[in-house]
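See structure below.
The values are calculated or read from the model by the stated rules, or taken from the named source; none is laboratory data. This is a predicted model, so every value here is computed, not measured. Neighbour counts are summed over all protein chains in view; Cβ atoms, including those assigned to glycine, are modelled from backbone coordinates with ideal geometry. Note: accessible area is taken over every heavy atom of the protein model, side chains too, but ligands, DNA and RNA are not part of it. Shrake-Rupley method; radii C 1.70, N 1.55, O 1.52, S 1.80 Å.
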Amino acid sequence: MRKPLLAANWKMNMTLNEVKEFIKVLNDAQIDYKEKDILIAPPYIYLQELKKRLKKVKISSQNIYFEESGAFTGEISPTMLMSIGIDWTIIGHSERRQLFGDTDDIINKKLLLSIQKGLNVILCVGEKLQEREAGIEKELVISQLGLDLKDVTPEMMKNVVIAYEPVWAIGTGKTAKSQDAEDMNKAIRDFLKRRFGRKISNNTRILYGGSVKPENIKELMSRENIDGALVGGASLKPDSFLKIVNF
Ligand code: 13P
């Protein structure tokens, strides 16, 4: 009932030539777009190229600012994205939280404005290694969600996908055990049920991200509460991303 979403987060990678090659391979590939959604989040400067040339793929930004326009050098607003036909953004990625000072309060502002302007949002949450070792990973993630989703209504949740990305699994080659990822995604779904009711909780897609590769995608996708993946490193080469898409 929840359509799988396989998403590539390219982070700060790829040159224009590599992007063009990727587009070519993806356009030639067999992908059952009725059965699954495919999304690519490239650096901003490639958004339009991808949008123009990959008609069936959802194209997303990796970040957004929480004001509509004004003196915010280097930032991009939801209104600007919508004006070029981009209706997805990632918000709250752990790299934004750790390296660029995105707090839960900032993430909440970004999320509210994005949804108000019509964007779909992939909201990322996840614990650090110390928090998992201390056994407080579920409390931590649920607390992040509570803050990030402040003032969000059930109606607005139609535009939200959640991505559970444990920080210790990102770019480390150390994937979460599929059981641990399933347990967390289940805890997230239970939270959504308490907060928004059964229907929203059943309908919201919850992804897993963190060292997803062609070798582990099938096992992850076999879990009841894992509705897709947010893939970093393994999404940079078209062959590897295609193996994940066609898991
Ligand atoms: P890796 O797949 O490289 O671990 O990155 C995951 C991620 O951060 C996706 O947003």
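Just one of (1) assigned to a helix (DSSP H, G or I); (2) more than 30 Å from residue 150 (Cα to Cα) fails for residue 95. It is (2). Scan the range 217-228 and give yes if some residue there is surrounded by 19 or more Cβ atoms within 10 Å (Cβ to Cβ), of a type in the set (A, V, I, L, M) and not in a helix (DSSP H, G or I), otherwise no. Taking every residue of the range 217-228 in turn, at least one turns out to be surrounded by 19 or more Cβ atoms within 10 Å (Cβ to Cβ), of a type in the set (A, V, I, L, M) and not in a helix (DSSP H, G or I).
When the residues of the range 193-216 are filtered to those that are closer than 20 Å to residue 167 by Cβ and open to solvent by less than 10 Å² (accessible area, probe 1.4 Å), the one that is farthest from the ligand (Cβ to nearest atom) is 206. Those residues that are modelled with pLDDT under 95 and surrounded by 21 or more Cβ atoms within 10 Å (Cβ to Cβ), I need them from the range 173-192; list them, please. Correct list: 175, 176. Out of contact with any Ser or Thr (no Cβ under 6 Å at 6 or more places or on another chain), in contact (Cβ under 8 Å) with a residue 12 or more places away in the chain, within 9 Å of the ligand (Cβ to nearest atom) and of a type in the set (A, V, I, L, M): is that true of residue 236 in this structure? Taking the combined requirement at face value, the residue satisfies it.
Taking residues in the range 186-197 that are aromatic (Phe, Trp, Tyr), and partners anywhere that are outside any helix (DSSP H, G or I), the pairs with Cβ atoms closer than 7 Å and at least 6 places apart or on different chains are 196/154.
Residues in the range 113-134 that are crowded, with 18+ Cβ neighbours inside 10 Å and among the aliphatic types (A, V, I, L, M): 113, 115, 119, 121, 122, 123, 125. I'm trying to understand the selection: among the residues of the range 169-185, which are touching a residue at least 60 places away in the same chain (Cβ under 8 Å) and of a type in the set (A, V, I, L, M)? The one that is touching a residue at least 60 places away in the same chain (Cβ under 8 Å) and of a type in the set (A, V, I, L, M): 170. If only residues of the range 144-192 that are of a type in the set (Ser, Thr, Tyr) and under 16 Å from residue 206 (Cα atoms) are counted, the one that is nearest to the ligand (Cβ to nearest atom) is 164.
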